Every structure is written in structure tokens, then in C-alpha cells.
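Input: a single structure, listed below in C-alpha cells.
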Amino acid sequence: MSGLIAIVGRPNVGKSALFNRIVGRRIAIVHDEPGVTRDRISAEAEWHGRPFTLVDTGGIGLLRKEKAGDVILKAAVEQVELAIEAASVIIMVTNVQEGVAPLDREVALRLRASRKPVLVAVNKVDDTKAEAGVDEFAELGFDFLFPVSAIHRSGIDPLMQQAMSWLPAEDVPGSTSEVQSPDETSVEPPASGPSALKLAIVGRPNVGKSSLVNALTQSERVIVSPIPGTTRDSVDVPFEVETDGVRQSYVLIDTAGIRKTRQMHGDIEFYSVKRAEESIARCDIAVLVLDAETGILEQDKKIAARIVEERRACVIVVNKWDLVADAVRQAQEEEMARRQKGESKHRPKQMVTLSDFGEWVQELLFFLDYAPVIFTSAKSGFHLDRLLEAVRYVAAQLKQQVPTALLNRVLRDAVERQSPVSAFGHFLKFFYATQVRRAPPTFLLFVNRDELFSDSYQKYLQREMRKAFGFEGCPLVLVPKARPKTIEPVRKSAPPSGSRRGR
Ligand code: GDP
């Protein structure tokens, strides 16, 4: 572990933009809506050859605690707390154009309590006039103020120089308070590769795959490259989607298969499943298209099962929603009327909202429960934007690398709360975990006895990890490894908390 720098601040001050500038790649999403789950982004970055981990906390968790009643917000609060706790240096971002806001003071209060070294990046100092407003931020009580403009890339160097000087000395194995990495040589390096993700649109015939491709490629937000990459039998089409000024590249694979260029003879079902299997094997994210009118059939389940087997990220699309929308609306109205008359108390629950239908889909495809469900109409264009948004979201989740300290903290807490016991009274002991791969997110977990690691326990840990890190749409692969009993856990107690200032 190479030292962690956390970017913290109230919403809309430019945290994601600054994150992008520092990392040098555009992977954070400039998208600050308070109260909404957003991507928890972290990246392995380098500054003049020195590696470190950068976490963008999103900032939601710094809002007043009493607002954190609902589960999503609670999880967000916990994530910010974890990031602050694990960080060696914190960059607090503020906005010169809005001056010191009450929420900035709250954030500062929380950060002072953490007793971590804090740098204040006063953002949006886009011209010399704005510079005059920087001193005002001294009232937050931190010694270091850095005027920056994430958009104009100015002021980043001095800020980072200071931040780097506060990181703990570079790791010599075993020399830091971090858990020592076990001597495991088979660890794969995190996948980096080209940034364009491969999308496969799969589903049985006539669910609307080609209609969706056509509708999407005509959308204003989608920029299709003029020259499709072509192989003999399939067409891969590179395209980009622009969201909030940020472009994300994708390759839509096997569009020839979708477009039914050739008439297929023989067993159409056999060929279409075969084709879907080939696309799934080649993709990063599978978009599984279902037909709202016909519902979920055996063949849909077969394709879904394949996506799970191949451990692909997935978004489920229920298409042709226009065909059932009227019936749903009617059912909704009837349900409302019944509720007003007080009749619905003892009746079985009717499916009337999209989330009811989403749950129903997830129940039928329970083995693919990690995939978000989107309802679309290729015909009317309904929710095509949401589909693009879901793909972008899942793509961002797939790039996540969980900082090792955070991962271990979350897993240790989870094991402490609930630990399986064998028939002989042996408890599961958890030593250490590390993310060894990004797509699919794969984690090695070192435990005392891997036989205690049942399917249901694995599910429990996956749930806890999703609560902490999201990973929506991504399968989580947990690989338990038994450690020889002679080796004691490296870290028996937490390191003393306290200021590391000036290290
Ligand atoms: P594919 O075999 O999965 O590629 O399906 P197609 O895109 O060829 O669509 C099959 C049929 O469904 C065509 O007649 C489309 O016009 C129709 N279709 C596709 N999407 C929609 C939709 O959202 N609503 C409606 N009403 N019809 C659709």
C-alpha cells in the first residue's frame, strides 16, 4: 500500500474535476447531486514517479448526520468516514466563487477532529480577480491554502508537492503500520488495458436488440466512430457517450450478429444462444435485453446464466415497455383508488411501480441479482438515456480498485459481526484481503480455514462489500485461501490513531 490521499468537501466544489486532474485520466464523473448515490471512485495514481492511492469521497457523508436516515445515505456516510480514517493526507476542496459556506465549516470541523494533515484546495480560481478571495478560507483553521483551478489545470503542482511530502515514507515490506502482504506469488496485476469497454447486447430473437442499437446510435449523446472495426463474421463498432462533458469510449461488439445480416437456417434458437455465448465471452459488460410483453422465458434464463458463469458485468434491459405501459398505468390507478377506499390492506401486493417490476425481474433472475434493471422502449425512446447512464455507472464500478486498508477494515468488521462456526466449534478467522483484479472484481481472502467459507457466508460478505463499495452491476469474486496455521495474523491491533502531521 502506497499511501492514501482523500479528496473531501461539500457537493459541487469540483472534487471530481480535481480528482481527474491529479490522476491524469478522466475517470471520476463530474456529477454532484447531494443525497444521490454516486460512484465511489478511487485510483492508483502517480506523482513524479511516486505512487499513491487517490480517493474521491463524493462528500455526501459530510452533510449533517441527522439527515442520514436512509440506507443509501448511511452507507455513504460510512464510506466517507472510512476514507478519512484510512487517509494519510486529506485535500479539502472549496469553491472560491461561493466563499466560505456553512457546510465548509462543518466539513472543516469533522476534518479537524480526524487530526489528519489537511490541505485546503481553493478551487475555481480561474483568474487573478478570483485570487483575492482565497485568504478568506484561512478561517477554516488549516495552515495550507492552495489556489487551484481544476478546469484550467493551474495550481495543482504546489498542492501535490505538499501532499506528497506528507505521505508516509515509501513502503519497504513490513516497515509500515499497514498489514504486511502475504507472500503470495500468484497474484495477478490489476487489469489496465485499453480504456474502451466492450459491450455485448444479448438476448433471444425479437426482443429488440437491433432496434435498441439503432435507437442508441441515433441518440445525440452517442458518437459513433465512422469506421467500424470489422472482422470476418462480426462487426465491432467503437462509440463514445458524452455525459456532463466527459466522454466514455465503448466498443459495441458483434453488431453483425444483432443485425441479422444473414438468414439463419436450422435451429434458430440454438444459433442465437450460441452467438450470445460467444459475445458474452468477449465482452466486459453484457446488456441482457428482455421483452416486457412476453416476459421472462427459459431462453432468457439460459443467456442470463451464461453471463453469471462467465462472470461478466451486466445491465438488464426490459424493452418494449411502451406495449405494457398503458396496462401498468391502469393497474396503478386502480390500486390508488383501492387504497383511497382502504381496500388494499388485505390484498396481495400489486405490481404497479417500476421498482415492483424491477424486483420481479430480479426474483426470476435471482442468480443475476447484481445487475440493475432498466425499462426501455426502443420505439418511443423511453429511458434510453437511463440505459446509457446505467452502462456508464457499471463501467465506472468495474474500474474500481478498492484501497487495501479500506477493504480490510470492511471485511474485518463484517467477520466480527457474523462469523461461521464449524460443527467442531472452529471459528473463521480472517487475516487479510486484497483486490487482485478489476474486471471482474476479484478478491483474495486469507483465512484460517477455507472450508468454513460456505456459499451463504460468501453471499453475506458480498452483501457487506456492496454496501461499502457499491460494485453495482459487477459480479464479486471472492477467493478464500487457507493460511498455514503456523503463521500468525500480521496485525493484531489497530495502529494508534493520531496526527501524522509533518512526517
Ligand atoms: P432483435 O431480434 O432482438 O434484434 O429484435 P428487433 O430489434 O429486430 O425487434 C423485433 C421486433 O420488435 C421488431 O418488429 C421491432 O420493431 C419491435 N420492437 C423492438 N423494440 C421495440 C419496442 O421498444 N417497442 C415496440 N413496441 N416494439 C419494438
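Every number here is computed from the coordinates shown, using simple stated rules; none is lab data. Treat the numbers as computed from the prediction; the structure is a model and nothing was measured. Quick reminder, even Gly has a Cβ in these numbers, built from the backbone with ideal geometry, and neighbours come from all protein chains shown.
Points to keep in mind about this one:
- Applying 1/(1 + (r/R0)^6) with R0 = 45 Å to the Cβ-Cβ distance of TRP360 and ALA101 gives a FRET efficiency near 0.55.
- Using a Förster distance of 22 Å, the FRET efficiency for THR128-ASP157 (Cβ separation, nearest 0.05): 0.75
- Residue separation of MET336 and GLU240 scaled by 0.36 nm, minus their Cα-Cα distance, works out to 30.3 nm of gained length.
- Cβ-Cβ FRET estimate between ASP322 and GLU416, R0 fixed at 60 Å, reported to 0.05: 0.75
- Extending 7 Å from Cα along the Cβ direction at ASP143 and again at ARG50 yields two label points whose distance is 1.7 nm.
- In this structure, the pairs whose alpha-carbon distance is over 29 Å, taken from LYS302/LYS379; LYS274/LYS467; LYS15/LYS129; LYS274/LYS481, are LYS274/LYS467; LYS274/LYS481.
- Cross-link pairs exceeding 25 Å between alpha carbons, from the set LYS399/LYS459; LYS320/LYS399; LYS116/LYS459: LYS320/LYS399; LYS116/LYS459.
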